[in-house]
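Okay, so here's the structure we're looking at.
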Amino acid sequence: MQAGNVLKTLHRLTEQVAKAPDLPTALRTLVTGLAQAMDAEVCSIYLPDPEVAGGWVLRATEGLNPESVGQVHLGPGEGLVGLVAREEEPVNLESAQDHAWFRYFPETGEERFPAFLGVPILHRGQVLGVIAVQSLNAGRFDEEHATLLFTAAAQLGGAIAHAQVLERLVRAREGKAETPEQAVADGSGEAFLAGLGGAQGIAIGTAWAVYPPADLSAVSDRRTDDPEADKREFRTALAAADQELAELGSTLTERIDEEDADLFHAYLHMVRDKGFQRRVEARIDGGSWVQTAVRDVVREYIGAFENMDDPYLRERAADMRDLGRRLLAQLQQAHASADGQYPDDTVLVGEEISPLSMAAVPEGQLKGVVSATGSAGSHVAILAHAFGIPAVMGVEDLPVGLIDGKEVVVDGYSGRLYVEPSPRIRDEYRRLEAEEAALTERLTELRDQPAVTRDGRTITLYANTGLLADLDPALRSGAEGIGLYRTELPFLTRDRFPSEAEQVRIYRQVFEAFGERPVTIRTLDIGGDKLLPYLPVKEDNPFLGWRGLRLSLDHPEIFLTQLRAILRAAPYGNVRLLLPMVTTVEELDQALRLIERARAELMEDGEPAPELPVGAMIEVPSAVFQTAAIARRVNFLSIGTNDLTQYVLAVDRNNARVAKLFDHLHPAVTHAINSVVDQAHAEGRPVSVCGEMAADPVGALLLTGMGVDELSMSAGALLRIKWVLRSFSTAQTREFAELARVDECARTTRARMETALVDAGLGSLIRAGD
Ligand code: PEP
Ligand code: MG
C-alpha cells in the first residue's frame with residue numbers, strides 16, 4: 001500500500017463527498033472510494049439510528065449485501081460498531097467472529113470476512129458514525145491501514161456532517177417529520193445547524209446568501225426556479241465580460257507584443273465560443289442555477305484543457321479559470337447590486353461575512369448574521385453586537401446555497417440556526433423576541449439614571465462605535481461618551497484610504513454628536529482579521545503580524561494624516577486619543593513623538609493644535625507586564641479584553657474550532673486585568689475596559705470589583721449592564737473579584753456569578769444556551 005497515493009485518493013474523496021448533492025450519494029461515493037483505496041473487499045458506514053437514540057444503522061456498503069442497507073440496526077454499545085463508537089478508538093481484529101462483541105447479521109453475508117477494522121468518524125468532539133473495512137484474509141489490516149482509515153475518517157468528518165445537514169434540510173423542505181439526531185436536534189427533535197453564539201439576541205428573518213467574490217469553488221449546487229430569467233442573466237454577464245475584455249484589449253494592444261496579443265484573442269474567443277454558451281444554457285434548462293451552471297461548464301473546460309498533451313493548450317486551463325471568475329463576478333454583482341431587493345428582514349448567511357457586506361444592507365433591513373467561520377471575538381460579531389442584531393458564527397459546513405431565501409431563526413445566545421422552522425419553534429422564538437423587546441423597553445427607564453452601585457459608587461459607562469450608523473444607538477442608550485471609536489471601520493468600507501479632509505468630516509460628526517461627553521478615538525487598528533481591500537497583506541500569522549500601531553509606525557504618512565485629521569476635528573468635541581496594540585515602550589514613545597509632530601505641523605499652518613489626553617490599549621501580554629512603564633507615559637489605559645484573551649490564552653479569537661477555549665473569565669485573564677488595574681492605579685492613571693467582557697453581565701461585575709473605572713461596550717448592552725451594576729453594592733462586587741482571584745477555572749467563577757445574578761432577580765440576563 002502506497003501511503004502517498006492513498007492520501008491523494010483520500011483528498012479527492014473528501015472533495016467528492018463534500019460536493020455530493022445528498023447524503024446517500026455522499027455515503028456511496030465514500031464506501032466505494034475507500035474500499036478501493038484500502039484494497040479491502042468490504043467498506044461500510046454506520047450512522048446514528050433515527051429510531052433508537054444512541055443506536056447505529058448501516059447506511060452504505062461496498063461488499064456486503066446491498067439489501068442490508070437500512071436494515072442492520074445496532075443498539076447503543078452493541079456489536080463491534082458500538083464498541084468503536086463507545087471507545088472512540090479504532091478496533092482492529094484478525095478474526096471478528098471470535099470477539100465477544102461480534103454480532104452476526106445473516107442478511108449481510110459478512111461471515112465470509114474475518115478481518116475487521118473499524119474507526120470512529122469524529123467531528124467537533126462527537127462521534128458522527130463508524131467506518132468499517134473487512135477482508136477475506138484474516139489479519140489483513142496492519143497498523144498502517146488503521147492509521148490511514150483513521151486519517152480518512154478525520155478528514156471526512158466535516159463533509160459527512162455537511163451531507164447530514166443537507167439531508168435534514170431536504171427532509172424539512174419536503175415536510176417530512178424530523179427525527180432526533182443527537183448532534184443537531186433540540187430536546188423536541190427539531191433540527192438546527194449548530195454554531196457559536198456570536199452576538200446575543202434573536203432574529204426571525206429571510207436568509208440572504210453572501211458568496212465570496214468570484215470564487216468558483218464557493219458556488220453551491222442550486223436549482224433554478226426560472227430558467228429563462230437565468231439564461232437572460234447569463235447572456236447579460238457574458239456581454240459584460242466580453243465588453244470588459246474588449247476594453248482591456250484596446251488599452252493593451254499598443255503595449256503588448258504579437259504573441260501576447262494572440263493569447264488575448266484566444267481569451268475573447270472563449271467568451272464568444274458558441275459551444276460554451278450552449279453548454280451553460282443546456283445546464284440551466286436542465287434545472288441548474290445560473291452560477292452553478294457556469295461553474296460546472298467552466299470546470300469541464302478546465303478539465304479538458306488540463307488533459308491535453310499540447311503544453312500551449314494545457315496553459316489555456318488557467319485562462320478558462322480566469323474567464324470563469326470574470327463571468328461569476330458579473331453574475332454576483334447582479335445578485336448583490338439588486339439593492340432594495342434585500343428582504344426587509346435580511347439575515348446574511350455566508351462562508352465569511354465581511355463588515356462590507358453588512359454595511360451594504362439598507363438601514364433597518366439587517367436582522368441577523370450567520371457565518372460559517374469566525375467566533376464571538378470576530379470583528380463581524382462585534383459589529384453585529386454594535387448594530388444590536390444577533391450573530392451565529394462558526395457554523396461549519398454551512399450549506400449556504402440551500403438556505404438562501406429560506407425563513408430562518410437566528411439564536412445568537414445558543415448559536416443555533418433553524419431553517420424553515422416548524423410553527424412550534426417559530427412561536428417559541430416570537431415569544432422570546434417579545435420578552436426581549438419588553439425588557440429593552442423596561443430598561444429605557446434607566447437611560448438617564450447613573451450607573452451607580454447600591455452604595456453610591458459611580459462607574460462610567462461608555463459605548464463602542466465605529467460606523468456613523470451605530471452613533472444613533474449609542475446616543476439613545478444614554479452612554480456618557482464613547483469609550484472606543486474604532487476608526488478602521490470607515491477605512492474598511494472604502495476602496496482607498498480616506499483623505500485627511502474626508503476623515504475630518506467623519507470624525508467631526510462623531511465628536512459633535514457627543515458634544516461635551518468624551519469621545520475616545522482609537523488610531524487605525526488594521527491587520528489581523530481587518531484587512532483593507534486596498535492594502536492587501538498576506539501573512540501566515542496575521543494576528544501576530546503587522547497590525548495596529550505596528551503598521552501605523554511603519555507608515556507614518558498614513559498615521560500622520562489620521563492624527564492631523566483627528567486634531568483638526570478635535571475642537572468640535574471632547575476628544576481623547578487611544579493607541580492600539582502597544583507592545584513596547586519604544587513603540588509608544590515613537591507614537592507620542594509622531595502625535596507631537598502632527599501638532600507641530602498644524603501649528604505651522606496656523607491652525608489650532610489641541611493637546612489631547614492620550615491613552616494606550618493594554619491588549620497583549622507584554623503590555624500587561626509593563627503597565628507601569630506605559631502608564632507613566634500616557635494619561636489613561638484601556639484594556640482590550642478581546643485581544644488580551646486571545647493572546648494570553650493563545651486562542652485565535654476567530655477560530656470556531658477553539659472557540660470553547662476563548663473565555664475572558666479564564667483565571668489567567670482575570671489575573672492579568674487585576675495586575676493592570678493595580679499598576680495603573682499605583683501610577684495614578686484611570687483604567688477602562690473596552691472589550692466584550694464589559695458587555696457580559698458577569699464580566700462587568702467582576703471588572704467593577706477589580707476597581708476598573710470605566711466600562712465601554714456595544715450600545716445594545718449598555719442598559720442591561722447599568723441594571724446589573726445598580727443591583728449590587730461595591731462590597732459585593734469586591735467580594736466577587738476576591739473570590740475569583742483564587743478560582744482555578746473559569747467555570748467555577750461563572751457558576752458562582754450566575755447564581756448571584758439569579759438571586760438578585762437578574763436571571764433573565766443569563767441565556768447562554770439551552
Ligand atoms: C479588544 O481587543 O478588546 C478591543 C476592544 O479591540 P478590537 O476588538 O477592535 O480588537
Ligand atoms: Mg483589540
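Got a sec? Which of A694, A715 is within 16 Å of ligand 1 (Cβ to nearest atom), more than 30 Å from R633 (Cβ to Cβ), in contact with a Ser or Thr (Cβ under 9 Å, 6 or more places away or on another chain) and in contact (Cβ under 8 Å) with a residue 40 or more places away in the chain?
Numbers: A694 fails: more than 30 Å from R633 (Cβ to Cβ).
Every option except A715 fails the conditions.
When you go through R255, R168 one by one, which is the residue that is at pLDDT below 80, in a loop (DSSP other than H, G, I, E, B) and either surrounded by 21 or more Cβ atoms within 10 Å (Cβ to Cβ) or among the basic types (K, R) (or both)?
On the way: R168 fails: in a loop (DSSP other than H, G, I, E, B).
Matching residue, one of R255, R168: R255.
Could you check segment 691-770 for helices (runs of 4 or more DSSP H) lying wholly inside it with 1 or more residues that are under 28 Å from the mean Cα position of the chain (by Cα)? Break it down into steps so the answer makes sense when it comes.
Working: elements: 697-706, 715-726, 730-741, 746-759.
The helices (runs of 4 or more DSSP H) meeting that bar are 697-706, 715-726, 746-759.
V52 - would you say it is assigned to a strand (DSSP E or B) and surrounded by fewer than 21 Cβ atoms within 10 Å (Cβ to Cβ)?
Numbers: assigned to a strand (DSSP E or B): no; surrounded by fewer than 21 Cβ atoms within 10 Å (Cβ to Cβ): yes.
No: the conditions fail for V52.
Residues to consider are A672, A659; find the one that is part of a helix (DSSP H, G or I), modelled with pLDDT under 95 and within 16 Å of ligand 1 (Cβ to nearest atom).
Working: A672 fails: modelled with pLDDT under 95.
Of A672, A659, the one residue that is part of a helix (DSSP H, G or I), modelled with pLDDT under 95 and within 16 Å of ligand 1 (Cβ to nearest atom) is A659.
Against the definition (within 16 Å of ligand 2 (Cβ to nearest atom), farther than 18 Å from D663 by Cα and surrounded by 23 or more Cβ atoms within 10 Å (Cβ to Cβ)), how does V708 come out, yes or no?
Details: within 16 Å of ligand 2 (Cβ to nearest atom): no; farther than 18 Å from D663 by Cα: yes; surrounded by 23 or more Cβ atoms within 10 Å (Cβ to Cβ): yes.
In short, no.
Do we find that F491 is aromatic (F, W, Y), touching a helix residue (DSSP H, G or I) at 6+ places or on another chain (Cβ under 7 Å) and assigned to a helix (DSSP H, G or I) in this structure?
Numbers: aromatic (F, W, Y): yes; touching a helix residue (DSSP H, G or I) at 6+ places or on another chain (Cβ under 7 Å): no; assigned to a helix (DSSP H, G or I): yes.
In short, no.
Applying the selection to segment 595-638, what residues are within 16 Å of ligand 1 (Cβ to nearest atom) and in a strand (DSSP E or B)?
Listed by number, the residues that qualify are G615, A616, M617, I618, F636, L637, S638.
Check A668, A656 and return the single one that is in contact (Cβ under 8 Å) with a residue 12 or more places away in the chain, small (G, A, S), farther than 18 Å from R734 by Cα and surrounded by fewer than 19 Cβ atoms within 10 Å (Cβ to Cβ). If you could, list the steps in order and put the result at the bottom.
Working: A656 fails: surrounded by fewer than 19 Cβ atoms within 10 Å (Cβ to Cβ).
Checking each option against the conditions leaves just A668.
Residues that are in contact with a strand residue (DSSP E or B) (Cβ under 9 Å, 6 or more places away or on another chain), within 16 Å of ligand 2 (Cβ to nearest atom), part of a helix (DSSP H, G or I) and within 30 Å of Y647 (Cα to Cα): does segment 521-542 have at least one?
Yes, the conditions are met somewhere in segment 521-542.
Scan segment 629-653 and report the pairs whose first residue is touching a residue at least 24 places away in the same chain (Cβ under 8 Å) and under 16 Å from M713 (Cα atoms) and whose second residue is assigned to a loop (DSSP other than H, G, I, E, B) and more than 15 Å from ligand 1 (Cβ to nearest atom), with Cβ atoms within less than 8 Å and a gap of 6+ or a chain change.
Here the result reads L637/R685; L637/P686, each pair linking segment 629-653 to a residue that is assigned to a loop (DSSP other than H, G, I, E, B) and more than 15 Å from ligand 1 (Cβ to nearest atom).
Quick check on my filter: what residues within segment 348-387 are among the basic types (K, R) and within 16 Å of ligand 2 (Cβ to nearest atom)?
Residues of segment 348-387 that are among the basic types (K, R), as a first pass: 367.
Those that are among the basic types (K, R) and within 16 Å of ligand 2 (Cβ to nearest atom): none in segment 348-387.
The values are calculated or read from the model by the stated rules, or taken from the named source; none is laboratory data. None of these values were measured; they are calculated from a predicted model. Note that we place each Cβ from the backbone using ideal geometry, even for glycine, and neighbour counts take in every protein chain shown.
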